[in-house]
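Worksheet for the structure shown next.
Values quoted throughout were computed directly from the atomic coordinates according to the rules given, and no laboratory measurement underlies them. Computed from a predicted model, the values in this text were never measured in an experiment. Don't worry about glycine lacking a Cβ; one is built from the backbone with ideal geometry, like all the others, and counts go over all protein chains shown.
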Amino acid sequence: MNQKAFIFDLDGVIVDTARYHYLAWQKIATRLGIEFTHEHNELLKGVSRVRSLDIILGLGNVQATQEDKDKWLMEKNEDYLQSIHHMQADEILDGVVPVLDYLKNNNQKVALGSASKNARPILEKVGLLHYFDAIVDGNDVTNAKPDPEVFVKAAQLLGMPPEGAIVFEDSVAGVQAANIAQMISIGIGDKSVLQEAHYNFTDFTEIDTEFLETLVTT
Ligand code: BG6
Ligand code: MG
């Protein structure tokens, strides 16, 4: 069995925090008179906080000063932090823990590659921090997905080459980032949205030991 680098996105892959991001952004949007639907929220997946606000303002054609933007970014994050404050292990998405257990039991390298600046506290709250040999999050990168920086850094920290690393992602930008880095992209979610991924699964319950064995032996 070979040793490979497995890199996990966080939001929408390990935990369903997309709904908390949505609720927090919706409050800001409503206050600004901008319509912000679940469909619009798809545009924000994998996208940094700063860029997310710009997208929302763009939806409503709202111009704002940097001072206003900074204020809204802070308010959004404070709201989001309140939502994640009570997160526990029961918010880990189904099938994730068995996959992490398989990887650790089979001597594989595991990293997190997330755009979120709140990644560490979330992993701590849900009790998954100990699975990760390396964590690269929104505090460590300058270029957002689809730039592959976050995944390349994660592979580096694991002491592994980027080519052939395996990435689990729920966002189009994240799948593109993995592909650009010549990694193997595994789309988690709607296949019609994540068409560019090398493999697709609706969620982790569909990923069996046989598939994981194929990944580590080839
Ligand atoms: C990504 C989410 O993981 O992190 C985005 O998919 C989010 O929706 C981004 O905007 C940044 O998160 P945070 O926690 O730093 O605001
Ligand atoms: Mg995600």
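Normalised by the number of residues in the chain, what is the relative contact order in percent for Cα pairs under 8 Å and 6+ residues apart? Intermediate results must be reported in sequence, preceding the final value.
Details: 351 pairs, mean separation 55.6, N = 218.
The normalised contact order for the chain reaches 26 percent.
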(message) Give me the one-decimal Kirkwood hydrodynamic radius in Å for segment 18-84, with the sum taken over alpha-carbon pairs.
(response) 11.8
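So, counting K/R as plus one and D/E as minus one, what does the shell of residues with Cβ under 13 Å around L215 add up to?
Numbers: positive: K4, K109; negative: D208, E210, E213.
So the surrounding residues net to -1.
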(request) Figure the gain on full extension for F211 and Q88 (residue separation times 0.36 nm, minus the Cα-Cα span) and round it to one decimal in nm. (result) 41.4 nm
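I want the local charge near K27. Using Cβ-Cβ distances under 12 Å, sum +1 for each Lys or Arg and -1 for each Asp or Glu among the other residues. Write down the numbers at each step before the final one.
Details: positive: R31, K76; negative: E75, E78, D79.
Local net charge: -1.
Which loop trypsin sites (Lys or Arg not before Pro) in segment 58-154, with loop taken from DSSP, have no more than 15 other Cβ atoms within 10 angstrom of their Cβ?
Working: sites: K69, K71, K76, K104, K109, K117, K125, K153; in loops: K117.
Here the trypsin sites (Lys or Arg not before Pro) that fit, given the DSSP loop and packing criteria, are K117.
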(request) Please go through the residue pairs K117/K145; K117/K191; K125/K191 and name each one whose alpha carbons sit more than 23 Å apart in this structure. (result) K117/K191; K125/K191
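Antiparallel versus total DSSP beta bridges in the chain: what percent is that, nearest 5? Numbers along the way, then the final one.
Working: 1 of 19 bridges.
DSSP beta bridges in the chain are roughly 5 percent antiparallel.
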(request) Name the residues whose placed amide hydrogens come within less than 5 Å of the amide hydrogen of A165, ignoring near sequence neighbours (fewer than 5 apart) on the same chain. (result) I184
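Quick check: convex hull of the Cα atoms in segment 1-48, volume per residue, rounded to a whole Å³?
84
Within the P(r) computed for the chain, what percentage of the Cα pairs occupies the region above 27 Å? Don't skip to the answer; put the middle values down first.
On the way: 7120 of 23653 pairs.
Across the chain, Cα pairs with separations above 27 Å total 30 percent.
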(request) Mind running the shape call on segment 105-218? Use the C-alpha gyration tensor, a ≥ b ≥ c as the square roots of the eigenvalues: rounded below 1.5 for a/c, prolate if a/b tops b/c, oblate otherwise. (result) rounded
